[in-house]
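Novice: Sending over a structure as structure tokens; questions will come in a sec.
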Amino acid sequence: MKDKTNYVKRTQKDYSLSFKHQVVFEVESGLESTRSVQRKYGIQARSTVVSWLRKYGTFDWENQTISKMPKSAEAKIKELESKIKLLEKQKNRLQKEVEVSSDKAAIFDLMIELAEKEYNIDIRKNSSPELLTPTQRINKKA
């Protein structure tokens, strides 16, 4: 008994841009499901079809809406509010990272100063005055 679909195993290099667009069109227009186009065209993985849908389709995967559809004012407000929350979280995380980095830099400078005093050697290279620590500026003036 022969299979109804003419399954042909394909490799990634076989997929032209127009082929990808055709597959996306068939899925988005409701003619086929992702599984059926996968079987129909011999696409090895469902994730391949999904990645084409994300790349070439009209669906906004990030916000889970069809991007060509005009959004209502309430939907836009909710979307913007969620983006604001996300940006605030990112900002807070980055501020904490800056604080930790500043603390690490201060500790590192202190360790270098202690090592220079303890062993009476210059570890830092001579640098411009704005790059010197406050202790170094005082020592250079003396």
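Novice: Considering Lys140, Lys91, which residue is assigned to a helix (DSSP H, G or I), modelled with pLDDT of 90 or more, surrounded by 10 or more Cβ atoms within 10 Å (Cβ to Cβ) and basic (Lys, Arg)? Let's see the steps before the verdict.
Specialist: Numbers: Lys140 fails: modelled with pLDDT of 90 or more.
Only one candidate passes the filter, namely Lys91.
Novice: Also, I was wondering about something else. When the stretch 25-53 is examined, which residues are found to be of a type in the set (Ser, Thr, Tyr), in a loop (DSSP other than H, G, I, E, B) and within 29 Å of the chain's Cα centre (by Cα)?
Specialist: Applying the first criterion (of a type in the set (Ser, Thr, Tyr)) to the stretch 25-53 yields 29, 33-34, 36, 41, 47-48, 51.
Still in the running and in a loop (DSSP other than H, G, I, E, B): 29, 33.
The answer is Ser33, and nothing else.
The values are calculated or read from the model by the stated rules, or taken from the named source; none is laboratory data. For clarity, every value in this text was computed on a predicted model and none was experimentally measured. Please note: Cβ atoms are built from the backbone with ideal geometry, for glycine as well, and neighbour counts cover all protein chains shown.
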